[in-house]
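Bear in mind these aren't lab numbers, they're just calculated from the coordinates by the rules spelled out. The structure presented is a predicted model; accordingly, all values stated were derived computationally and were not measured. In this analysis, Cβ positions are derived from the backbone assuming ideal geometry, glycine residues included, and neighbour counts consider all displayed protein chains.
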Amino acid sequence: MSQSTDGPGNPGGDVVIRIRALLPTLSAAEARVAVVIQEDPSTAAGQTISELARQAATSTATVVRTARRLGFDGYPQLRLALAAHRGNAALDGLPLGADIADGDTTSVVLRKLADFESEQLRVTAELLDPGTLDAIAGQITTARRIDLYGLGASGLVAQDLDSKLSRLGLNVRCCTERDAAMVSASLLGANDLAIAISHSGESRIREALTLAAGTGAHTAAITGVPRSSLAAAADHVLLTAGREFGFRSAAMASRTGQLMAIDALFVVVVQALPQAHESLRRTYAGVASNPAGRSDKGLSS
């Protein structure tokens, strides 16, 4: 993948943000290189490839591979991006991520969050595998029943997917607490599909997906950690970006990546399902209808 160090949508000045987003997807050796860079981008920018490899206790080949995983042609391009990096890798004050500091004004906070969230979307778009999206969408269109599992913030994302798929007339059940998910999963069969959502891939919702797999149901996971327990239990995995920071256990970054994944999945399902457009038209008309005596106010809310 060829990348310059400037221009829209490329890693350039967002290299440290990109490292944060991709860190869970890197191998152990690649992660050591990434952590060294993340902790002191200025020093890393001045190091030779051999010096960086020595500091990360790995090989120069791994440094090159890490640079490519971060979206660069090689280590020289990564060094240029690090040299141009304007941020400070250390958080000063609030444990909120995106380099937000105690003294930042509201306008600065908005800019930093917008930059950070935009990078999560770009990285998620790169991580999502089109073939996996097609495979899960195909199972959605033919499944007798579709179970959706998610806890906490991931439960909100599961509810969003539930709302979308329900509008297509599909038989969907959303479970946002562990016991309900276990009960629902136990009743699935070979013609059913279970989709679990967890950024860490280690929440207790993985138990429901494992149970669903045991019934013979097809399984899919949406997670930010490819080597997680949830990913290991799934037939198909959609990988998202987004690192959770400090007290932000429901960080916007991880939820943003998850929402993009389900939006992409929904669009592919609509393209594959013959009756999708008619279902969307009918449900839109139903919501927009105005019974006699009812005010038009609030219809757009």
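Summarising the amide proton neighbourhood of GLY201: residues at separation of 5 or more, or on other chains, whose placed amide H is nearer than 5 Å comprise GLY224.
The ranking of PHE266, PHE116 by Cβ neighbour count inside 10 Å, starting from the fewest, reads PHE266, PHE116.
Between ALA194 and ASP147, HIS218, THR219, ALA220, the built amide H atoms are under 5 Å apart, and every one of these is 5 or more places off in sequence or on another chain.
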